[in-house]
Amino acid sequence: MKIHEYQAKELMKKYGIPVPEGRVVHSVESAVEAVGPLIESTGNRVVVLKSQIHAGGRGKGRFKEHPDLGGVSVVLNGLEGGIPAVERRVRQLAEMMLGSTLVTVQTGAQGKIVNKLYLEQGIDIDRELYLSVVLDRAQGRNIVMASTEGGTEIEEVAARNPEKILRATIDPAIGMAHFQAHALAYNLGLKEMAYKNAKRFMLSLAAAAERLDTDLVEINPLVVTKEGEVLALDGKMSFDNNALYRHKDIQAMRDMTEEDPAEIEASEYGLSFIKLEGSIGCLVNGAGLAMSTMDIIKHVGGEPANFLDVGGGATAENVTAAFKIITQDPNVKGIFINIFGGIMRCDTIASGVVAAVREVGLEVPLVVRLEGTNVELGKQIIEDSGLNVINAGNMKDGARKIVELSA
């Protein structure tokens, strides 16, 4: 699960992690009303208006409706006009940004509608760094990553200057060690107060990531001021869904408007669903088989439209719901159902498929491959249904058939 920048910063403050002062706003009027109190409380002559969407690259992104406007705008409190002048400019920007579609490198061409803005104090920046805590599932441990190349996408740094990415693997039994924080701060070239504050920042961030069960905390940029302060100028957090039951407060931060409606519907039925860009809809039981199915579809020249795992104990109702979700995607030109019946019986899947087709209708080719428990009974149910469903002999045969029929 992902949260917005302003929510991530609220959590950081709870763990003693320094962030600039800011206010989240949902309307033009609330944005204007937040200007005066923010400037007065910080004494800062600069405010920044940030679009709040679940995607990176907002500063470089552009609004479809306003191509010259980026997702992050700086407003100067100039000598003339004072706070009223800033309020007028914030009003202009908020009117353009709220309700408009922001396109970034991470949203795709469709972009995302901006429903919230974050008004934040400006910071006099001396240096921009990169810092993150990433869950490495292969090791089962968090890794702290840091770089001097703040403000740049970490993928670009990894491709261009991989030696500039510093890493420290955290032992979950003891947490991040002081010597690790020292090594990172030293190798980032930090000295005196900046060095001390960066060490404290890293230790606090690593502790927060462990306690909150995050799979990613990314601060880009992490900024250093001339006075040696170290602050999170940006903040991105995502959480391990399997651990959310321990964090009811974080679950309450979920923003449904930022998620794909199909993925929300799938979660209500206990289905694992991720929408992709292809044209072959996949309905499979088991994550490993689902990934293999996507691989073999690509191997025979197709592109999967989704990852959909109905799980080992799905019912006919779950299968019907899964089928409906797939058919709602206008990009789907064919559907491949690939089931290995172990815990789940093939006749249960077959009954669910027949019920779904009769309820939803079938406007695209459908190929079904069944194997395992009650496979013959499952095939018989499909054959007796009289529906235009094609049985496949094996997984590769099924993939080849659906790709050919969908061409």
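Taking the alpha-carbon centroid of each part, what is the distance from region 107-179 to region 226-294 in angstrom?
Region 107-179 and region 226-294 have Cα centres spaced 19 Å from each other.
Projecting each Cα onto the charge dipole of the chain (Lys/Arg +1, Asp/Glu -1 at the beta carbon, about the Cα centre), which of Met395, Phe323, Gly361 comes out farthest on the positive side?
Looking along the dipole axis, the top candidate is Met395.
Identify the residues of region 259-292 with backbone N under 13 Å of a label point that sits 7 angstrom from the Cα of Glu303 along the Cα-to-Cβ direction, or state none.
So the set is 276-281.
Roughly what % of DSSP beta bridges within the chain run antiparallel, to the nearest 5?
75 percent
³J(HN,Hα) across region 250-256 via Karplus (A = 6.51, B = -1.76, C = 1.60, θ = phi - 60°), whole Hz, x for Gly/Pro?
With coefficients 6.51, -1.76 and 1.60, one gets 6, 4, 5, 7, 4, 10, 5 Hz.
What lysines does Lys401 reach when the alpha-carbon gap must be under 21 Å and sequence neighbours fewer than 8 apart in one chain are set aside?
Correct list for Lys401: Lys298, Lys333, Lys379.
For region 1-106, state which GluC sites (Glu not before Pro) are in a DSSP loop and have at most 13 other beta carbons lying within 10 Å of their beta carbon.
Glu65, Glu80
Just subtract the alpha-carbon distance of Glu227 and Glu153 from 0.36 nm times their residue separation and send over the number in nm, one decimal.
Gain on stretching Glu227 to Glu153: 24.0 nm.
Quick check: the distance between the Cα centres of region 16-38 and region 39-54, to the nearest angstrom?
6 Å
Size of the dipole of the chain about the Cα centre, Lys and Arg at +1 and Asp and Glu at -1 on the beta carbon, nothing else charged, in debye to 20?
About 640 debye.
Report the gain in length on full extension from Tyr186 to Asp136: 0.36 nm times residue separation, minus Cα-Cα distance, nm rounded to one decimal.
In short, 15.6 nm is gained.
Based on a Kirkwood Rh over C-alpha pairs, give the Stokes-Einstein translational diffusion coefficient of region 260-406 at 25 °C and viscosity 0.890 mPa s in µm²/s.
Approximately 169 µm²/s, per Stokes-Einstein.
I want the local charge near Ala355. Using Cβ-Cβ distances under 11 Å, sum +1 for each Lys or Arg and -1 for each Asp or Glu among the other residues.
Net charge in that neighbourhood comes out at 0.
Given H placed on each backbone N at 1.01 Å, which residues far from Cys282 in sequence or on other chains put an amide H within less than 5 Å of it?
Those qualifying (amide H under 5 Å, at least 5 residues apart or on another chain) are Ala305, Asn306, Phe336.
At 7 Å along Cα-to-Cβ for each site, give me the label-to-label distance between Val74 and Glu404 in nm.
Going from the Val74 label point to the Glu404 one covers 6.1 nm.
Stokes-Einstein D for region 107-217 at 4 °C, 1.567 mPa s, Kirkwood Rh over Cα pairs, in µm²/s?
The Stokes-Einstein estimate is 83 µm²/s.
So what is the 222 nm mean residue ellipticity for the chain from helices alone, if each DSSP H run of at least 4 adds -39500 (n - 2.57) and you divide by all residues, rounding to the nearest 500 deg cm²/dmol?
Value at 222 nm, helices only: -11500 deg cm²/dmol.
Around Leu69, which amide H atoms from residues at least 5 apart in sequence, or from another chain, sit under 5 Å from its own amide H, with H modelled in the peptide plane?
Correct list: Phe63.
How large is Rg over Rh for region 1-117, taking Rg from the Cα atoms and Rh as the Kirkwood inverse mean of 1/r across Cα pairs?
Answer for region 1-117: 0.97.
So if each residue of separation counts as 0.36 nm, and I subtract the Cα-Cα distance between Val46 and Asp260, what length gain in nm does that give?
Between Val46 and Asp260, full extension yields an extra 73.5 nm.
So if R0 is 22 Å, what FRET efficiency would Gln380 and Val360 give, r being the distance between their Cβ atoms, rounded to the nearest 0.05?
Between Gln380 and Val360 the formula returns 0.50.
Could you derive backbone 3J(HN,Hα) for region 361-368 from the dihedral phi with the Karplus parameters 6.51, -1.76 and 1.60 (θ = phi - 60°), listing whole Hz in sequence and x where the residue is Gly or Pro?
The phi angles translate into x, 9, 10, 10, x, 10, 10, 10 Hz.
Compute the signed sum of charges (Lys and Arg +1, Asp and Glu -1) over the other residues within less than 9 Å, Cβ to Cβ, of Pro221.
Every neighbour counted, the sum reads -1.
So what J values fall out for region 136-153 if you push phi through Karplus, 6.51 cos²θ - 1.76 cosθ + 1.60 with θ = phi - 60°, rounded to Hz, Gly and Pro as x?
Those phi angles translate into 8, 5, 5, 8, x, 9, 7, 10, 8, 10, 9, 7, 6, 8, x, x, 10, 4 Hz.
According to the Kirkwood expression over distinct Cα-Cα pairs, how big is the hydrodynamic radius of the chain, in Å?
24.0 Å is the Kirkwood radius here.
Laboratory data are not the source of any read-out in this text; all were calculated from the coordinates shown. All values derive from a computational prediction rather than experimental measurement. Heads up, the Cβs are rebuilt from the backbone with ideal geometry, glycines too, and the neighbour counts pull from every protein chain shown.
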